[in-house]
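Working notes, beginning with the structure itself.
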Amino acid sequence: MTASATGPLARRSAGILLHPTSLPGRFGIGEIGPEAHRWLERLARMGQQLWQVLPLGPTGYGDSPYQTLSTFAGNPLLISFDALREDGLVDADRLDGLPRLPDDTVAFGDVIGTRLAMLHEVAAAFPRRASADLRGGCERFVEEHRAWLEDYALFVSLKARFDGRAWVDWPADVASREPGVIAAARKELAESIAHARVGQFLFHEHWSRLRSRARAVGVSIVGDLPIFVAHDSADVWCRPGLFALEPDGRPAVVAGVPPDYFSRTGQRWGNPLYRWEEHEAEGYAWWIARLRHAFALVDVLRIDHFRGFAGYWEIPAADPTAEHGRWMPGPGQRLFAAVAAALGPRPIIAEDLGVITPDVDALRDELGFPGMRILQFAFGGEDRQSHHPDLYPANTVVYTGTHDNDTTVGWYGSDPERDPTRPAAAIAEERHRVRSFLGCDGSEIHWDMIALALRTPANTAIVPLQDVLGLGTEARMNMPGRPWGNWQWRFRWEQLLPGIEERLEGLTRAANRG
């Protein structure tokens with residue numbers, strides 16, 4: 001399976017990283033409606049050809065897009081209330097009466113309650129308020145996606161019935177999916193299941209409109225696929241045999257990474273690990289379905305933690321940190337050969353950050369996938385040489401930073417009290433190196449780093465919007481290992497000034513991108 005020779009990764013291009021939840025709007029969280037369409041127009045105006053998003057699935061406890069209730073479903077929190085009004089599914093005065101929520105942050109507790117109550121009303125009224133076209137579209141969607149949709153709709157309905165508890169804490173006969181009990185649950189929860197179907201249709205309808213608009217303005221969407229899925233998900237509940245679980249359904253071992261740049265004790269993600277022999281025995285059918293579905297939503301796919309396909313860090317489930325895990329072999333090329341046979345060549349970005357060994361590089365290169373390089377890593381740390389911008393091959397995606405990094409302004413201005421991963425001397429040396437390399441005084445470090453990313457030999461350059469806006473640590477999207485306060489940042493249109501747009505467009509054009 002190799003990257004498409006005619007795809008957006010094969011030519012010099014530029015883009016911006018921004019999750020839809022960070023878009024402006026009046027309903028407490030970014031949506032995939034009119035504001036997202038406006039964002040696409042602004043991207044095109046800035047000369048950008050790529051919009052990178054984070055995973056789009058429905059989030060659970062902790063609100064992380066990397067821990068979703070399903071790898072196939074869309075996040076109903078992203079459904080556009082304005083689009084619902086335009087389609088006649090909700091009245092304008094009902095929307096005007098919603099509580100006022102912050103416009104610069106996502107207050108998930110308030111947002112979730114408000115939005116899910118509204119979506120419940122919309123789904124209940126859908127049969128009588130939806131147009132014939134929408135009703136027909138919903139029927140076709142339900143039939144086309146039945147393979148995952150029915151299990152997901154039942155899963156979230158049961159989760160609501162059992163007060164949000166994880167599926168391993170449900171009654172044993174429900175958790176183990178005894179056929180008679182499941183059949184009875186489908187009947188008892190028929191209304192809730194129908195509402196979940198409508199919610200998924202509306203997400204995919206709004207996303208389909210957005211993707212059509214992206215094509216019209218010449219923007220390709222870069223999606224994100226976590227290698228692992230959440231334990232408390234429809235995927236694991238429905239297919240426990242594909243995962244390394246104990247007889248009671250709890251993980252025997254969990255995923256994570258050893259100590260690294262982000263954490264001295266490593267990162268214990270807690271996701272269940274795969275029984276790769278079971279996946280291979282069924283021809284990797286689950287993975288083929290997963291990637292087929294992902295590519296129905298996006299043009300390019302970034303696969304998070306690609307190194308796990310070569311070798312993954314296995315942590316005993318009882319351990320509180322990731323320090324005492326061990327490396328285990330992944331499926332390697334066999335998985336991607338099966339996917340290529342089923343789907344053909346697709347443009348994939350391999351997230352190859354962290355502890356990378358020669359076998360990971362070999363697998364990435366054998367498959368032809370571009371890897372990732374982070375400019376913030378180019379001036380400090382033991383592996384800075386591998387991120388040095390003069391050494392990038394063309395088949396690479398360069399970032400100033402990712403959703404896991406501090407913003408460039410925050411990174412440059414960091415102090416050891418706030419950033420325990422780097423002592424004061426290391427921070428000072430890193431600042432000296434970056435100023436010397438760029439020939440700058442650090443006063444516009446974000447623009448200097450953006451310009452550097454754009455002029456590197458890497459075919460693809462992607463910059464978080466926070467860096468374009470020159471924002472500090474207050475705009476950081478995620479702090480790895482911190483269980484609270486993540487994924488909340490939003491921007492406002494008044495921050496994206498015409499001068500900023502013109503400057504980015506000029507730098508992009510000067511770097512011969514687009």
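The values are calculated or read from the model by the stated rules, or taken from the named source; none is laboratory data. For clarity, every value in this text was computed on a predicted model and none was experimentally measured. Every residue, glycine among them, receives a Cβ derived from its backbone with ideal geometry; neighbour counts consider all protein chains shown.
Just checking, how many residues over segment 447-506 are among the β-branched types (Val, Ile, Thr), under 29 Å from PRO393 (Cβ atoms) and not in a loop (DSSP other than H, G, I, E, B)? Before the answer, list the steps.
Start the filter on segment 447-506 by keeping residues that are among the β-branched types (Val, Ile, Thr), which leaves 450, 456, 460, 462-463, 468, 473, 500.
If we keep only those that are under 29 Å from PRO393 (Cβ atoms) as well, we get 450, 456, 460, 462-463, 468.
Applying the additional criterion that residues be not in a loop (DSSP other than H, G, I, E, B) yields 450, 460, 462-463, 468.
Residues flagged as among the β-branched types (Val, Ile, Thr), under 29 Å from PRO393 (Cβ atoms) and not in a loop (DSSP other than H, G, I, E, B) within segment 447-506 amount to 5.
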Output the number of residues of segment 463-502 satisfying the condition of being in contact (Cβ under 8 Å) with a residue 40 or more places away in the chain, surrounded by 16 or more Cβ atoms within 10 Å (Cβ to Cβ) and under 26 Å from PRO34 (Cβ atoms).
16
For segment 273-288, enumerate the residues that are in a helix (DSSP H, G or I) and either touching a Lys or Arg at 6+ places or on another chain (Cβ under 9 Å) or over 15 Å from ALA340 (Cβ atoms) (or both).
TRP276, GLU277, GLU278, HIS279, GLU280, ALA281, TRP286
Selection within segment 453-462 - in contact (Cβ under 8 Å) with a residue 60 or more places away in the chain, surrounded by fewer than 20 Cβ atoms within 10 Å (Cβ to Cβ) and out of contact with any Asp or Glu (no Cβ under 9 Å at 6 or more places or on another chain):
none
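Considering segment 5-24 alone, what residues qualify as being within 20 Å of PRO58 (Cβ to Cβ), in contact with a helix residue (DSSP H, G or I) (Cβ under 9 Å, 6 or more places away or on another chain) and in a loop (DSSP other than H, G, I, E, B)? Please lay out each step first, then the result.
The initial filter retains those residues of segment 5-24 that are within 20 Å of PRO58 (Cβ to Cβ), namely 18-23.
With the extra rule that they be in contact with a helix residue (DSSP H, G or I) (Cβ under 9 Å, 6 or more places away or on another chain), the set shrinks to 18, 20-23.
Within segment 5-24, LEU18, LEU23 qualify.
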Can you tell me which residue in segment 43-86 is nearest to HIS293 (Cα to Cα), limited to those that are outside any loop (DSSP other than H, G, I, E, B) and touching a strand residue (DSSP E or B) at 6+ places or on another chain (Cβ under 9 Å)?
THR68
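Can you tell me which residue in segment 346-367 is nearest to GLN267 (Cα to Cα), limited to those that are of a type in the set (Val, Ile, Thr) and surrounded by 18 or more Cβ atoms within 10 Å (Cβ to Cβ)? Give the derivation first.
Keep residues of segment 346-367 that are of a type in the set (Val, Ile, Thr), which gives 348-349, 355-357, 360.
From what is left, the residues that are surrounded by 18 or more Cβ atoms within 10 Å (Cβ to Cβ) are 348-349, 360.
Working: ILE348: 25, ILE349: 22, VAL360: 19 Å.
Checking each candidate, the answer is VAL360.
Which residues, taken from segment 165-179, are farther than 14 Å from ALA234 by Cβ and touching a residue at least 40 places away in the same chain (Cβ under 8 Å)?
First, the residues of segment 165-179 that are farther than 14 Å from ALA234 by Cβ: 165, 169, 171-173, 176, 178-179.
The answer is SER176, and nothing else.
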Out of the residues in segment 151-166 that are charged (D, E, K, R) and surrounded by fewer than 17 Cβ atoms within 10 Å (Cβ to Cβ), which is nearest to GLU205 (Cα to Cα)?
ARG161
Residue by residue through segment 95-113, note down the ones that are touching a helix residue (DSSP H, G or I) at 6+ places or on another chain (Cβ under 8 Å) and either crowded, with 17+ Cβ neighbours inside 10 Å or within 25 Å of SER131 (Cα to Cα) (or both).
LEU95, LEU98, LEU101, VAL106, VAL111, ILE112
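Limited to segment 411-446, what total is found for residues that are of a type in the set (D, E, K, R) and either closer than 23 Å to GLU502 by Cβ or not in a helix (DSSP H, G or I) (or both)? Can you show your working first?
Filtering segment 411-446 down to residues of a type in the set (D, E, K, R) leaves 415, 417-419, 422, 429-431, 433, 435, 441, 444.
Subsequent filtering for residues that are either closer than 23 Å to GLU502 by Cβ or not in a helix (DSSP H, G or I) (or both) retains 415, 417-419, 422, 441, 444.
Qualifying residue count for the region: 7.
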Considering segment 136-163 alone, what residues qualify as being farther than 24 Å from HIS293 by Cα and without any contact (Cβ under 8 Å) to a residue 24 or more places away in the chain?
PHE162, ASP163
GLY30 being in contact with a Leu (Cβ under 6 Å, 6 or more places away or on another chain) and either among the small types (Gly, Ala, Ser) or surrounded by fewer than 22 Cβ atoms within 10 Å (Cβ to Cβ) (or both):
yes
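Take the residues in segment 303-328 that are within 14 Å of THR265 (Cβ to Cβ) and of a type in the set (Gly, Ala, Ser), then tell me which one is nearest to the chain's Cα centre (by Cα).
That would be ALA322.
Determine which member of the set LEU504, LEU471, LEU438 is closer than 30 Å to ASP110 by Cβ and of a type in the set (A, V, I, L, M). Outline the logic, then answer.
On the way: LEU504 fails: closer than 30 Å to ASP110 by Cβ; LEU438 fails: closer than 30 Å to ASP110 by Cβ.
Checking each option against the conditions leaves just LEU471.
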Name every residue in segment 454-512 that is closer than 25 Å to LEU9 by Cα, of a type in the set (Gly, Ala, Ser) and in contact with a Ser or Thr (Cβ under 8 Å, 6 or more places away or on another chain), in order of residue number.
ALA458, ALA461
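Just a yes or no: is a residue in segment 36-52 closer than 30 Å to CYS238 by Cβ and crowded, with 22+ Cβ neighbours inside 10 Å?
Initial filter on segment 36-52 (closer than 30 Å to CYS238 by Cβ): 52.
Then keep just the ones that are crowded, with 22+ Cβ neighbours inside 10 Å; that gives 52.
Yes, some residue in segment 36-52 is closer than 30 Å to CYS238 by Cβ and crowded, with 22+ Cβ neighbours inside 10 Å.
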Residue among ALA318, ALA338 that is under 26 Å from PRO272 (Cα atoms), out of contact with any His (no Cβ under 8 Å at 6 or more places or on another chain) and surrounded by fewer than 15 Cβ atoms within 10 Å (Cβ to Cβ):
ALA318
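Residues to consider are ARG135, ARG100, ARG85, ARG128; find the one that is of a type outside the set (A, V, I, L, M), more than 22 Å from ASN478 (Cα to Cα) and modelled with pLDDT under 95.
Working: ARG135 fails: modelled with pLDDT under 95; ARG85 fails: modelled with pLDDT under 95; ARG128 fails: modelled with pLDDT under 95.
Residue meeting the stated conditions: ARG100.
Please work out if ARG302 is crowded, with 20+ Cβ neighbours inside 10 Å, among the basic types (Lys, Arg) and either at pLDDT 95 or above or over 30 Å from VAL219 (Cα atoms) (or both).
Values: crowded, with 20+ Cβ neighbours inside 10 Å: yes; among the basic types (Lys, Arg): yes; either at pLDDT 95 or above or over 30 Å from VAL219 (Cα atoms) (or both): yes.
In short, yes.
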When TYR152 is evaluated against the numbered criteria (1) touching a helix residue (DSSP H, G or I) at 6+ places or on another chain (Cβ under 6 Å); (2) under 30 Å from LEU496 (Cβ atoms), which criterion, by number, is the only one it fails?
(2)
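Can you pull out the residues in segment 138-150 that are crowded, with 18+ Cβ neighbours inside 10 Å and either in contact with a Leu (Cβ under 6 Å, 6 or more places away or on another chain) or part of a helix (DSSP H, G or I) (or both)?
In the first step, residues of segment 138-150 are kept if they are crowded, with 18+ Cβ neighbours inside 10 Å; the result is 138, 141, 145, 148-149.
Those that are crowded, with 18+ Cβ neighbours inside 10 Å and either in contact with a Leu (Cβ under 6 Å, 6 or more places away or on another chain) or part of a helix (DSSP H, G or I) (or both): CYS138, PHE141, TRP148, LEU149.
Please go through segment 356-382 and pick out each residue that is out of contact with any helix residue (DSSP H, G or I) (no Cβ under 7 Å at 6 or more places or on another chain) and either without any contact (Cβ under 8 Å) to a residue 40 or more places away in the chain or not in a loop (DSSP other than H, G, I, E, B) (or both). Give the derivation first.
From segment 356-382, those out of contact with any helix residue (DSSP H, G or I) (no Cβ under 7 Å at 6 or more places or on another chain) are 357-359, 361-362, 365, 368-369, 372, 381-382; that's our starting set.
Listed by number, the residues that qualify are PRO358, ASP359, ASP361, ALA362, ASP365, MET372, GLU382.
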Checking THR6 against (1) at pLDDT 95 or above; (2) over 18 Å from GLU494 (Cα atoms), which test does it fail?
(1)
Test for TYR392: is it modelled with pLDDT under 95, aromatic (Phe, Trp, Tyr) and touching a strand residue (DSSP E or B) at 6+ places or on another chain (Cβ under 6 Å)
yes
